[in-house]
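Presented below is the structure to which this report refers.
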Amino acid sequence: MPTTSTIQTACTKNRAEEFGFDVWEHFVIPFFFDSLDLEDTRKPSLILGGRGCGKTMLLRYLSHDSVFSTKRPAIAESEIARIGLYWKADTHFANAMTGRGIPDHTWDTCFQHRIALVVSAELLRSLRSLANSRLSSISQEDVNSINFDSLSAYGNGLHGDIHAISKCLRQKEREFQLWVNNPVNPTVPCPAFLPGRDFLISVIEEIQSHLPQLARSTFFVYVDEFENLLINQRRIINTCLKHSESPLIFNVAMKKDPLQMRETAGTESLENVADYRIHDLDRYLSDPTFPLFAAELLFFRFAAKGVRPVPVSIDALRDSAALPARRTKEYADRVLGSARRIFPGYTYSELADIAFSDSIVKKRLTAEVDRAIRARSCSFTVNDVVNLDNRQAAIVTSSLLYRSTLTSEEIAREMKSLQSGGDNRYTGSTGWIHNNFIGCLLRLYSANPKLCPFYAGFDTFIQLARGNLRHFLELCHMSLKRLGVDAIEDLQISPDEQTEAARYASSVFLSEVRGRGPLGNQLHSFVLTLGSLFAIAHQRPSQSEPEISHFSIVGGKSPVSDSSRKFLVEAVKWSVLFEERETKLKDPLQGTDSEWILNPIYAPYFKITYRKKRKLEISADDLAVLISGTYEERRSLLRRYSERWEVVTKDLDRPLFSHLNEASKDAD
């Protein structure tokens with residue numbers, strides 16, 4: 001019987017590396033799987049996606065350790081038609097193959113040698129996977145019978161059976177590593193470099209000549225984290241893609257980066273469609289099926305821990321043939337309904353009631369209404385607003401009173417119509433509540449040590465994750481850690497516990513930005529400043545443009561610099577920002593036709609919305625400050641926007657805006 005600790009740890013693992021190379025029993029077939037055209041394609045694939053989208057998990061699932069896993073109860077003989085070889089680029093070792101007095105052409109040849117050693121070792125390992133699997137067509141005796149003597153032309157030791165050749169390759173790998181670390185040491189001999197792809201073709205030909213069962217097989221090399229390679233190394237891999245054909249096809253996986261070059265080692269360049277197919281996992285996961293896939297993954301993790309009953313079948317989630325059944329409305333309603341029962345959220349009405357029951361929020365609401373009424377000499381009182389039957393309307397009115405476009409008489413008239421059940425702008429077509437409630441609610445919670453429960457609920461977790469499976473699993477994990485039940489029938493995590501989990505996960509993921517590539521620290525400072533700017537916008541008394549969570553670049557004294565554009569590319573590559581083409585261009589002089597959305601996983605940390613609602617237009621000059629400004633320049637920018645929006649700094653979250661409060665005191 002599952003225990004509390006079993007359920008608590010169901011979502012602990014959220015990185016492919018935690019499962020090893022054989023991920024067959026941990027992999028849920030995604031809804032985009034049939035878009036990969038695995039059965040028919042013989043063209044290289046370029047797999048794009050940010051951290052947490054499942055690139056590595058997918059590549060390992062397609063590789064021999066998983067396809068021919070000993071844990072699979074049955075394997076079709078047709079699986080040997082494509083054999084996957086996984087290779088994760090080693091950043092440290094790749095970066096060592098440059099400079100230090102060694103000519104570039106030598107390092108290029110050196111990297112070809114690296115390809116030969118790594119991929120040939122995987123080739124031989126794949127044969128062992130085949131032999132150890134439930135396949136009946138290839139046995140261990142078949143694999144042991146292969147004679148590699150013809151490879152002796154490439155150097156001493158490259159002969160014999162699979163054991164001898166594997167031992168020789170391991171020895172060459174050690175010698176190679178020693179030389180790369182000591183390239184100018186005369187006591188360390190330079191190895192004879194193997195000719196990369198040509199050597200691999202020779203190994204495959206030898207295998208196929210001895211094993212006719214594999215005569216029609218194609219070996220697919222999956223190079224993970226391609227962006228970690230040096231430029232000259234990428235050119236060499238691109239050349240392998242350009243000239244890929246059966247029996248050896250190279251594929252790469254990388255983060256989105258439009259600056260990544262497509263040049264090869266020759267005069268040609270890679271061309272989409274002609275040379276490869278693009279599979280954008282971020283785009284695939286933005287499909288409306290992501291909530292269902294995330295829920296399935298959650299229950300798959302429960303089932304793997306022995307938690308029963310669950311509304312999914314593990315066997316079906318591992319079977320690509322079951323995809324049509326998983327796409328039916330009845331199935332989706334059942335699975336999503338179960339997930340929502342475990343992670344319940346609040347309605348607008350419930351959020352309003354909770355706000356009124358919180359003494360700090362109620363006090364802030366009363367103070368805001370009182371301040372506005374006094375300033376405008378309204379005919380109604382604070383109690384007339386606070387005691388409205390519709391508490392959502394009361395919360396929205398706390399900001400409507402600060403709008404110069406509305407007279408106090410208009411507001412009073414609409415309040416009266418609301419109370420009497422007549423047509424009004426709160427609940428009518430104008431939609432004051434629909435358009436403004438969350439923005440006004442977040443404003444009232446801003447200085448409250450307790451986070452607004454707006455961040456709770458399965459559907460909220462889906463929006464916070466925005467297609468990132470790692471973020472979704474971490475939100476679930478931090479929530480499950482707080483429960484105290486042993487049975488799934490009793491499993492329901494309170495919105496308050498979910499909210500605290502969201503706050504913690506948001507803080508963790510924000511701190512990880514420092515490790516995002518060579519610009520990690522700069523990206524972290526950028527997120528802190530941009531998030532602070534959005535948080536200030538959320539404190540605008542009038543909430544005339546509530547829920548600002550993204551920006552575009554408009555005008556300025558100078559155009560957007562090349563360095564700023566490159567930084568934005570880096571921010572998108574690491575999923576700190578998401579770039580979307582604008583649908584509405586207000587200004588014909590706008591600096592770009594894109595808008596950038598702050599990753600919603602950071603929203604709970606800054607106490608801002610995770611929804612894409614309103615946009616902030618900033619100048620190229622302000623963008624430069626956000627990206628590379630000094631501390632004083634960033635503080636000055638935030639203070640300038642605070643003054644423009646008439647935000648009182650004492651109402652801001654003190655830990656987040658302590659520098660602004662100090663500046664305010666200094667000014668006094």
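The values are calculated or read from the model by the stated rules, or taken from the named source; none is laboratory data. Keep in mind the model is a prediction, meaning the values are calculated, not measured. Positions of Cβ are generated from backbone atoms using ideal geometry, with glycine treated the same way; all protein chains shown enter the neighbour counts. Each accessible area value is taken on the protein alone, full model and side chains, heavy atoms only, with ligands, DNA and RNA left out. Shrake-Rupley method; radii C 1.70, N 1.55, O 1.52, S 1.80 Å.
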Tell me which residues, restricted to the stretch 207-234, are among the charged types (D, E, K, R) and either buried (at least 16 other Cβ atoms within 10 Å of the Cβ) or in a helix (DSSP H, G or I) (or both). 224, 225, 227, 234
Pairs please, first residue from the stretch 409-423 and more than 21 Å from residue 382 (Cβ to Cβ), second anywhere and surrounded by 13 or more Cβ atoms within 10 Å (Cβ to Cβ), Cβ atoms under 7 Å, 6+ apart in sequence or on different chains. 423/417
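Just name the residue that is farthest from the chain's Cα centre (by Cα) out of those in the stretch 169-196 that are among the charged types (D, E, K, R) and open to solvent by less than 50 Å² (accessible area, probe 1.4 Å). If you could, list the steps in order and put the result at the bottom.
Step one: of the stretch 169-196, the residues among the charged types (D, E, K, R) are 170, 172-175.
Those still in the list that are open to solvent by less than 50 Å² (accessible area, probe 1.4 Å) too: 172-173.
On the way: 172: 38, 173: 34 Å.
Selected residue: 172.
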Taking first residues from the stretch 173-200 that are more than 26 Å from residue 250 (Cα to Cα) and second residues anywhere that are in a helix (DSSP H, G or I) and small (Gly, Ala, Ser), the pairs with Cβ under 8 Å that are 6 or more apart or on different chains are 181/96
Being assigned to a loop (DSSP other than H, G, I, E, B), under 28 Å from residue 569 (Cα atoms) and open to solvent by less than 30 Å² (accessible area, probe 1.4 Å) is the filter here; which residues of the stretch 28-62 pass it? 30, 32, 44, 49, 50, 52, 53, 54
Checking the condition of a type outside the set (D, E, K, R), within 25 Å of residue 452 (Cα to Cα) and part of a helix (DSSP H, G or I), which residue from 335, 385 passes? 385
Does residue 119 satisfy being open to solvent by less than 10 Å² (accessible area, probe 1.4 Å) and either in contact with a Gly (Cβ under 9 Å, 6 or more places away or on another chain) or among the charged types (D, E, K, R) (or both)? yes
Inside the stretch 71-92, can you point out the residues that are surrounded by 15 or more Cβ atoms within 10 Å (Cβ to Cβ), at pLDDT 85 or above and either over 15 Å from residue 220 (Cβ atoms) or within 23 Å of the chain's Cα centre (by Cα) (or both)? 72, 75, 86, 87, 88
Applying the selection to the stretch 187-206, what residues are in contact with a Ser or Thr (Cβ under 9 Å, 6 or more places away or on another chain) and not in a loop (DSSP other than H, G, I, E, B)? 196, 197, 199, 200, 202, 203, 204, 205, 206
Can you tell me which residue is surrounded by the fewest Cβ atoms within 10 Å (Cβ to Cβ) among those in the stretch 122-136 that are of a type in the set (Ser, Thr, Tyr) and in contact with a helix residue (DSSP H, G or I) (Cβ under 8 Å, 6 or more places away or on another chain)? 136
Result of the Cβ filter at 7 Å on the stretch 97-110, keeping first residues that are closer than 16 Å to residue 229 by Cβ and partners that are outside any helix (DSSP H, G or I) and open to solvent by less than 30 Å² (accessible area, probe 1.4 Å), at least 6 apart or interchain, is 107/97; 110/97
Looking only at the stretch 515-553, which residues are small (Gly, Ala, Ser), open to solvent by 20 Å² or more (accessible area, probe 1.4 Å) and not in a loop (DSSP other than H, G, I, E, B)? 515, 525
Regarding residue 68, is this residue of a type in the set (A, V, I, L, M, F, W, C), open to solvent by 50 Å² or more (accessible area, probe 1.4 Å) and at pLDDT 90 or above? no
Are there any pairs, at least 6 apart or on different chains, whose C-beta atoms fall under 9 Å, with the first in the stretch 318-334 and farther than 15 Å from residue 289 by Cβ and touching a residue at least 12 places away in the same chain (Cβ under 8 Å) and the second assigned to a loop (DSSP other than H, G, I, E, B) and open to solvent by 70 Å² or more (accessible area, probe 1.4 Å), and if so, which? none
Checked the stretch 376-396 for anything open to solvent by less than 50 Å² (accessible area, probe 1.4 Å) and β-branched (Val, Ile, Thr); matches are 382, 385, 386, 395, 396
Only one of 634, 614 that is under 28 Å from the mean Cα position of the chain (by Cα), closer than 24 Å to residue 454 by Cβ, buried (at least 16 other Cβ atoms within 10 Å of the Cβ) and modelled with pLDDT of 90 or more: 614
If I go through the stretch 477-509 residue by residue, how many of them are of a type in the set (Ser, Thr, Tyr) and modelled with pLDDT under 85? 0
Residue list for the stretch 93-124, filter: over 30 Å from the mean Cα position of the chain (by Cα) and within 21 Å of residue 208 (Cβ to Cβ): 116, 117, 120, 121, 123, 124
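Given 373, 342, 354, which one is hydrophobic (A, V, I, L, M, F, W, C) and open to solvent by 30 Å² or more (accessible area, probe 1.4 Å)? Lay out the reasoning, then the answer.
Details: 373 fails: open to solvent by 30 Å² or more (accessible area, probe 1.4 Å); 342 fails: open to solvent by 30 Å² or more (accessible area, probe 1.4 Å).
Selected residue: 354, the only one of 373, 342, 354 that is hydrophobic (A, V, I, L, M, F, W, C) and open to solvent by 30 Å² or more (accessible area, probe 1.4 Å).
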Within the stretch 583-594, is there a residue that is in contact with a strand residue (DSSP E or B) (Cβ under 6 Å, 6 or more places away or on another chain), open to solvent by less than 10 Å² (accessible area, probe 1.4 Å) and either modelled with pLDDT of 90 or more or under 22 Å from residue 521 (Cβ atoms) (or both)? no
